[in-house]
Each structure stands twice: as structure tokens, then as C-alpha cells.
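Heads up, the thing below is written out as C-alpha cells.
The values are calculated or read from the model by the stated rules, or taken from the named source; none is laboratory data. Computed from a predicted structure; not experimentally measured. All Cβ positions, glycine included, derive from the backbone under ideal geometry; neighbour counts span all protein chains shown.
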Amino acid sequence: MLKPMLPRTSELMFARLRSEFPHFKVVHKSDSPLSHLIDLGLRLITLGAQRQYLTRYHTVLGYTLFLPKSWATTDEVDRVVILSHERIHLLQRQKLGMIVFAFLYLVPWLPLGLAYGRARLEWAAYRETLRATAELRGLDAARSRSLKREVVNRFLDGSYGWMWPFRKQVEDWYARLMIELEAEYGADEQARLRAMTPRQETST
């Protein structure tokens, strides 16, 4: 079975999102009073651990995607990867409804420190981050230590309210996901590498 291909540009990805979610819209956080209010609240409840909500973090509320300042300097491939992640949250919101999605994201078991509901929702979204990275940049990019450190720390540090601060469990999840991606994209990667390798002429 052929794997569905991701759009190669953010504009095509935005078009896909608008087609899937008729009420989808985009707002820049710098233009959003609500985003500034959320930023202040997050700084207070995380004791300053989350200071980059307006500048680095992309947020889905309802069917609205709020873009941070960093969007302007994000390259096209990373934009598609980010939008693929946020599409999972849009699908979750569509399936669960706004109230249930918000409850699961914010409440169980604790809003900070043991946010199992948030972790489950983010595991699904970060799986798509890694899958999209493997598809668009290759398995080596998905395997990179820097990406692993970034994703794992999202669950451990204050940027998401220490949502699941159990390193071994998060790293085990990451390792299982890498095995899945190896199985899904390994053959494609080998074919790509063969295509890049110059053929040697044989003489008789």
C-alpha cells in the first residue's frame, strides 16, 4: 500500500487544512490579545519555565492555529512538519469536541507534573512530527540526537508544564517510534541512497 504523501509547501498544507476543517483559520500571536494573556498566565504558573509561548510555540485553540514570531523565519520543510503536528491536534479536537479535548489537555491527572491527558494527546502529535521529518528530510534527520533531545524534553521540562516527567518512559516511547519509522521508511531510505550512489562502469 502506498503511503500518503505530505504536501511539499506550507501553502499546500494550509490548503489541505482548510479543506479538511472548514472553520480553520490562522492568527499571528503578536496580533492576538488572548495569546498575550495566555503567555502571561503560563509565565506565572510555570514560574518562568515557559517564556517562549509568543515567540516559538504553535498553538491550536478550537479550529484556529496561532503562529508565533518564529514562523516568519521558519523554512518550508519545517513549516510542513509543524503543520502536520498541528493537524493531529485539529483531528483530536474534531473527534473529541472542544470541551472534552480541552478537559483532557488541561486536567487529568494534574494540570502540572502529571498531565497524562496532555501527554497522550502530544504523543500522537509528536509521532506525526517525527513521521513527517522522516518523510521530508529522511530517516537520518528523524534519528538525530538534537531532535530526540528536543522532543523528549517537551515532556520533561516546564515548556508543557512538566506534563510527563518520566525520562525512561518517554525515551522508551521514542525508541518504539523509531522502530516503527525504520519499518515504514527504511526501504525508501535505502532506495534514495542507492539513487545517490554513482554507478561504477564495468569493463570487459
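For the range 65-75, indicate whether the set of residues that are surrounded by 15 or more Cβ atoms within 10 Å (Cβ to Cβ) and farther than 19 Å from SER159 by Cβ is non-empty. Show your work before the answer.
Residues of the range 65-75 that are surrounded by 15 or more Cβ atoms within 10 Å (Cβ to Cβ), as a first pass: 65-68, 70-71, 74.
Checking the rest, the ones that are also farther than 19 Å from SER159 by Cβ come to none.
The answer is no; no qualifying residue exists.
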I need every pair where a residue in the range 1-14 that is at pLDDT 80 or above has its Cβ under 7 Å from the Cβ of a residue that is part of a loop (DSSP other than H, G, I, E, B), sequence separation at least 6 or different chains. MET13/PRO7
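Mind telling me which of the residues GLY113, GLY62, GLY41, GLY48 ends up being small (Gly, Ala, Ser) and touching a helix residue (DSSP H, G or I) at 6+ places or on another chain (Cβ under 7 Å)? Talk me through it step by step, then tell me what you get.
Working: GLY113 fails: touching a helix residue (DSSP H, G or I) at 6+ places or on another chain (Cβ under 7 Å); GLY41 fails: touching a helix residue (DSSP H, G or I) at 6+ places or on another chain (Cβ under 7 Å); GLY48 fails: touching a helix residue (DSSP H, G or I) at 6+ places or on another chain (Cβ under 7 Å).
None of the others qualify; the one that does is GLY62.
Just to be sure, is ARG118 among the basic types (Lys, Arg), in contact (Cβ under 8 Å) with a residue 40 or more places away in the chain and more than 24 Å from LEU6 (Cα to Cα)? Steps first, answer last, please.
Values: among the basic types (Lys, Arg): yes; in contact (Cβ under 8 Å) with a residue 40 or more places away in the chain: yes; more than 24 Å from LEU6 (Cα to Cα): yes.
Answer is yes for this residue.
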